[in-house]
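The values are calculated or read from the model by the stated rules, or taken from the named source; none is laboratory data. Keep in mind it's a predicted model, so treat the numbers as computed, not measured. Please note: Cβ atoms are built from the backbone with ideal geometry, for glycine as well, and neighbour counts cover all protein chains shown. We work out accessible area using only protein heavy atoms, side chains counted, and drop any ligands, DNA or RNA first. Shrake-Rupley method; radii C 1.70, N 1.55, O 1.52, S 1.80 Å.
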Amino acid sequence: MWLILAFLSAAFLGVYDSLKKKSLKGNAVLPVLFLNTLFSSLIFLPFIVLSTTTGLLDDTILHVPVGTWHEHQYIIGKALIVLSSWVLGYFGMKHLPLTIVGPINATRPVMVLVGALLLFGERLNLWQWAGVLLAVASFLLLSRSGKKEGIDFKHDHWIYMIVGAAVLGALSGLYDKYLMAPVSEGGVGLDRMLVQSWYNIYQCFMMLAMLLLLWWPKRSQTTPFHWDWAIVGISVFLSTADFMYFYSLSLPSSMISIVSMIRRGSVVVSFACGAMFFHEKNLSAKAFDLALVLLGMLCLYIGS
């Protein structure tokens, strides 16, 4: 069950990445990111209100527990990690081809794997190790493909932003496992809906502060903001993908290293959109890099 949820999450995440690229085209980054957090918060706010004031959602997968202040401190920590990753990722995606960003993001599970081995004692079999090595190889080849478009992985600060976003995203994945693992297994034992609902709301307030302090005073001197309906789609597809992701992690047999790797399979959808809708270049070389990622996913699936 957790594998199916992970694959569904990957599909929705691929559409999310594509809509994010569209909404950022010639647009101000911080307002787009703020609206993303705002709409995501509005999606989950009714569940919080209904769970707190009525018994309609009791014993359902949509019920949101109240949570103590101690538990909410952990969730605020997650909001800080995720928002930092998003800020770097949004700026990087705006200035780089989607067919470059997607495969880089697909290397996140390698970082998660190292953390999972060290922190949670997870162990991979030969098939799963083969999948990880293929993912590493794809990243190395992708840097060569990027040079054909004038992108130097060693000196391009947008690449550094995407890599930084990937590292923080991997850290967030490990933190998720820690938050939702039972106390008996060394985790915090938080409810998945409590985490997903409230971290969106905390992010919204954080982004509002950034918007008012950093963007609003200088809005006339930077890239102007324009409305795009893709911004709403970002929140809808991301919230759905995260809901399936958190549900998958909450199941006892799930492995964060495998869930994270499958979730990065979203690169298939984003790559296709980059080719069809954004008419990006050098697709044949990038397609080979993508094939290695897909082969790695297959090895992980067989191994699990």
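Does region 127-137 include one or more residues that are at pLDDT 85 or above, within 18 Å of the chain's Cα centre (by Cα) and farther than 22 Å from Y202 by Cβ? Checking region 127-137: not a single residue is at pLDDT 85 or above, within 18 Å of the chain's Cα centre (by Cα) and farther than 22 Å from Y202 by Cβ. A single member of L294, L290 is open to solvent by less than 20 Å² (accessible area, probe 1.4 Å) and under 30 Å from S23 (Cα atoms), and it is L290. Tell me yes or no: at least one residue of region 184-192 is surrounded by 21 or more Cβ atoms within 10 Å (Cβ to Cβ), over 18 Å from the mean Cα position of the chain (by Cα) and not in a helix (DSSP H, G or I). Taking every residue of region 184-192 in turn, at least one turns out to be surrounded by 21 or more Cβ atoms within 10 Å (Cβ to Cβ), over 18 Å from the mean Cα position of the chain (by Cα) and not in a helix (DSSP H, G or I).
Summed over region 193-235, residues that are in a helix (DSSP H, G or I) and either open to solvent by 70 Å² or more (accessible area, probe 1.4 Å) or touching a Pro at 6+ places or on another chain (Cβ under 7 Å) (or both) total 13. Of all residues in region 167-183, those that are charged (D, E, K, R) and open to solvent by less than 20 Å² (accessible area, probe 1.4 Å) total 1. What's the total number of residues in region 243-275 that are more than 13 Å from V15 (Cβ to Cβ), open to solvent by 20 Å² or more (accessible area, probe 1.4 Å) and modelled with pLDDT under 80? Total satisfying the criteria: 8.
Number of residues in region 1-19 that are open to solvent by 20 Å² or more (accessible area, probe 1.4 Å) and either outside any helix (DSSP H, G or I) or not aromatic (F, W, Y) (or both): the value is 7. Just one of the numbered conditions (1) modelled with pLDDT of 95 or more; (2) of a type in the set (A, V, I, L, M, F, W, C); (3) outside any helix (DSSP H, G or I) is not true of F34: (3).
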